[in-house]
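Chemist: Handing you this structure, nothing more for now.
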Ligand SMILES: [Zn+2]
Ligand SMILES: [Zn+2]
Ligand SMILES: [Zn+2]
Ligand SMILES: [Zn+2]
Ligand SMILES: [Zn+2]
Ligand SMILES: [Zn+2]
């Protein structure tokens with residue numbers, strides 16, 4: 001992907017590319033959509049980003065409430081029911097059966113409505129073979145017990161769902177099902193055998209059961225199994241209860257019916273690649289993000305979205321990772337998580353919160369997010385991540401983030417090579433895990449900061465609003481630690497070269513800025529220095545924000561320009 | 001709910017102890033409405049001629065709305081039948097015990113279904129991946145999501 005750019009001045013190349021694409025635009029109209037799909041998509045993105053509505057590392061998306069999705073569903077159901085002239089219950093079952101693919105449903109329905117209605121559980125199947133097979137006891141009992149309620153044709157119904165009980169019955173076994181109710185006695189429900197039940201219900205198949213059994217059955221399907229396809233309770237029947245039946249049976253249990261509606265919404269959303277259900281527990285919002293719907297789009301964008309319920313419900317539209325994994329694209333992020341999982345034992349020791357001081361060997365515990373550590377005993381100042389002296393971290397030539405690959409080059413035998421590759425992995429994993437850990441410790445940082453803010457209000461004449469700068473700083477640090485965390489996953493897989501070095505420069509600058517601000521947050525408060533602290537912290541927060549923006553913007557542009565070369569074969573690239 | 005399950009099981013208990021009890025099926029132990037042990041034999045000329053097995057049924061309060069947990073007993077006295085749908089720990093891959101369950105089915109109905117599953121067997125062998133399954137299998141077979149490759153059981 002990047003080979004095009006290796007021999008030329010980069011900026012000039014970008015302009016050329018843009019012009020090329022604009023020129024292509026005019027020709028596009030003459031070419032079929034399929035052929036130009038990939039390029040057209042790239043065009044879209046470039047046009048979009050130049051609009052300036054959103055940043056290049058952001059995607060357009062829209063949050064939808066459950067009601068809004070239900071309105072979409074209703075539109076589809078109404079459409080189908082009007083063109084086929086069927087009731088909305090049947091239309092809904094047909095759509096669910098076809099995974100909400102309207103076009104395919106229409107095509108199939110036109111072709112053979114009977115077989116589709118049977119497959120979708122809307123109507124019962126006619127007898128498959130006219131051959132006079134031995135009728136199983138189950139069937140004859142079932143039909144005789146309910147014959148009163150059925151049309152004559154229904155008594156010979158037969159579906160494809162057969163049980164071995166039925167087949168066994170053919171070999172003349174005696175009774176295999178609960179005893180049938182007597183033909184002439186009062187109705188006895190074949191499930192509960194409670195003859196005091198007076199209200200019975202049946203789907204169009206006529207298989208009658210008492211209302212109480214239906215209620216328990218439907219509730220159990222919805223609540224325990226999370227299933228919205230509620231099949232008739234008879235053994236050989238594949239009819240599915242339409243919405244109206246479920247609703248009227250659950251008339252006194254609105255909560256369960258609401259859950260049923262949510263299950264249908266979830267099914268609809270899962271069948272539509274433009275939509276994704278918010279993964280946060282008990283949230284019922286949906287996010288619509290058509291620009292990230294295709295797999296190919298995920299090679300160039302990281303679709304971080306959040307739902308309308310809360311901006312903290314942040315997730316990736318393109319993969320199952322909860323939260324924001326920018327700047328690294330989904331396929332690489334997944335690759336990295338898989339590697340971490342496979343190597344979890346090797347790397348576990350790193351996650352521990354205690355280390356030994358390399359000078360005096362006393363145990364040091366990390367309890368804040370800042371990586372600048374000072375040994376309580378010998379006052380040695382060092383970096384928590386690389387254990388190197390802290391004094392070197394401020395100087396321009398020192399980089400804690402970059403992996404020094406010398407040992408890998410020198411490695412001659414297999415053993416040395418495998419050790420070098422483990423060391424390389426640990427370098428990135430160490431930093432990745434550290435940012436994750438530090439971000440987690442930010443909960444403490446929040447509490448500490450809040451206390452400080454109260455202190456400041458007392459010791460200075462600042463108002464509550466005016467002390468919010470500390471909270472903003474904490475938010476920014478946490479956000480940028482997430483970015484930094486994923487930059488290590490990205491750097492691990494980036495192929496060596498100029499581009500990677502530039503990426504690591506941005507990474508280093510952001511990391512330094514974050515560590516600086518982090519340290520400032522942990523500094524003690526003296527009443528007389530509060531105004532200076534406030535100024536300093538506000539400035540640094542703005543700077544951190546800017547560094548984060550630069551990094552995200554540059555990586556996002558790099559994807560669009562095909563600038564990133566990977567060390568591995570990445571799925572979809 | 002509990003009352004439905006008790007009423008149903010009381011009725012099935014009576015049936016299993018009467019002359020309506022299917023041939024080759026015998027209730028061995030039913031001290032409560034939670035666990036029953038039932039002896040099962042396959043009659044006629046089959047691969048399991050003269051073999052005796054035992055089935056363990058476990059019922060939850062939602063029975064018969066929810067299916068019973070059914071497995072072959074494996075102990076000093078009994079072995080699981082050698083069958084392509086029966087794992088050596090006694091777990092059974094049969095759709096009527098999972099997705100195909102209907103609350104109209106009953107203990108005798110399940111027994112007869114399993115009899116016929118054994119009777120129609122053409123080759124005595126364990127399911128593919130038996131060892132791996134048995135190593136990681138949950139205690140309760142209902143927690144396993146089986147794939148039903150054969151819709152006759
Ligand atoms: Zn009933
Ligand atoms: Zn039915
Ligand atoms: Zn949400
Ligand atoms: Zn993703
Ligand atoms: Zn020390
Ligand atoms: Zn360091």
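Nothing in this text is a laboratory measurement; each read-out follows from the coordinates by a stated rule. Keep in mind the model is a prediction, meaning the values are calculated, not measured. Cβ sites come from the backbone with ideal geometry, for glycine too, and all protein chains shown count toward neighbours.
Chemist: Taking neighbour counts of Cβ atoms within 10 Å as a proxy for exposure, in what order, fewest first, do A:189, A:340 appear?
Modeler: Taking fewest neighbouring Cβ atoms as first place, the list is A:340, A:189.
Chemist: Once both axes come from the Cα atoms, what is the angle between helix B:107-119 and the longest principal axis of chain B, in degrees from 0 to 90, rounded to 10?
Modeler: Helix B:107-119 sits at roughly 20 degrees to that axis.
Chemist: For Cα pairs less than 8 Å apart in space and 6+ apart in sequence, what is the mean separation divided by the residue count of segment A:225-272, i.e. the relative contact order in percent?
Modeler: 32 percent
Chemist: At what distance in nm do the modelled label points of residue B:136 and residue A:55 sit from each other, each positioned 7 Å from its Cα along Cα→Cβ?
Modeler: 4.1 nm
Chemist: Apply 1/(1 + (r/R0)^6) to the Cβ-Cβ distance of residue A:466 and residue A:376, taking R0 = 41 Å, and write down the FRET efficiency to the nearest 0.05.
Modeler: 0.75
Chemist: For A:212-224, what's the mean count of beta carbons from other chains sitting within 10 Å of each residue's beta carbon?
Modeler: 3
Chemist: Can you compute log10 of I(q)/I(0) for segment B:3-135 with the Debye formula, treating each Cα as one identical point scatterer, at q = 0.15, 0.16, 0.21 Å⁻¹?
Modeler: Values, matching the q order: -0.71, -0.81, -1.36.
Chemist: Same structure again: Can you compute log10 of I(q)/I(0) for segment A:427-573 with the Debye formula, treating each Cα as one identical point scatterer, at q = 0.20 Å⁻¹?
Modeler: With one equal scatterer per Cα and no solvent, log10 I(q)/I(0) is -1.15.
Chemist: Compute the relative contact order of segment A:429-523 as a whole-number percentage, counting only Cα pairs closer than 8 Å that sit 6 or more residues apart in sequence.
Modeler: Here the relative contact order equals 37 percent.
Chemist: Report, in deg cm²/dmol and to the nearest 500, the calculated mean residue ellipticity at 222 nm for chain B, where each DSSP H run with n ≥ 4 adds -39500 (n - 2.57) and the sum is divided by the residue count.
Modeler: So the helix-based figure for chain B works out to -7000 deg cm²/dmol.
Chemist: Per 10 Å bin, what is the whole-percent P(r) computed from every C-alpha pair distance within segment A:330-561?
Modeler: Over segment A:330-561, the share of Cα pairs per 10 Å bin runs 7, 28, 35, 21, 7, 2, 0 percent.
Chemist: Can I ask one more? Which value in nm describes the separation of the simple spin-label points at residue A:225 and residue A:454, placed 7 Å from the Cα toward the beta carbon?
Modeler: In this crude label model, residue A:225 to residue A:454 measures out at 5.3 nm.
Chemist: Got the relative contact order for segment B:3-135 handy, in percent, Cα pairs under 8 Å and 6 or more residues apart?
Modeler: Once normalised by length, the contact order is 22 percent.
Chemist: Distance between the C-alpha centers of segment A:520-573 and segment A:263-319? Whole Å please.
Modeler: 26 Å
Chemist: Hey, another quick one. Please average, across the residues of B:59-69, the number of beta carbons from any other chain that are within 10 Å of each residue's own beta carbon, and give a whole number.
Modeler: Mean partner shielding for this stretch: 3.
Chemist: Can you give the Rg to Rh ratio for segment B:59-116, taking only C-alpha atoms and Rh from Kirkwood?
Modeler: Ratio of gyration radius to Kirkwood radius for segment B:59-116: 0.98.
Chemist: Still on this structure, I have one more. Using alpha-carbon positions, what is the distance between the centroids of segment A:97-112 and segment A:75-95, in Å?
Modeler: Going from one Cα centre to the other spans 11 Å.
Chemist: Could you work out how far helix B:2-16 tilts from the main Cα principal axis of chain B, as a 0 to 90 degree angle to the nearest 10?
Modeler: That works out to roughly 70 degrees.
Chemist: Starting from the 7 Å offset along Cα-to-Cβ, what nm value, one decimal, do you get for the label separation of residue A:526 and residue A:501?
Modeler: Here the answer is 4.3 nm between the modelled labels.
Chemist: Quick one: order A:110, A:98 by neighbouring beta-carbon count within 10 Å, fewest to most.
Modeler: Neighbour counts put them in this order, fewest first: A:110, A:98.
Chemist: Roughly how many Å is it from the Cα centre of segment A:213-253 to that of segment A:423-447, as a whole number?
Modeler: 48 Å
Chemist: Using a 10 Å cut-off on Cβ atoms, rank the peptides A:524-534, A:113-123, A:460-470 from the highest mean neighbour count down.
Modeler: Put in order of decreasing packing, that is A:113-123, A:460-470, A:524-534.
Chemist: For peptide B:112-118, how many partner chain Cβ atoms fall within 10 Å of a residue's Cβ, on average?
Modeler: Other-chain Cβ atoms within 10 Å of each residue's Cβ, averaged: 6.
Chemist: Sticking with this structure for a sec: Once you have the Cα-Cα distance between residue A:387 and residue A:196, take 0.36 nm times their residue separation minus that, and quote the gain in nm to one decimal.
Modeler: Answer, rounded to one decimal: 60.9 nm.
Chemist: For B:126, A:547, what's the fewest-to-most ordering of other Cβ within 10 Å of each Cβ?
Modeler: Neighbour counts put them in this order, fewest first: B:126, A:547.
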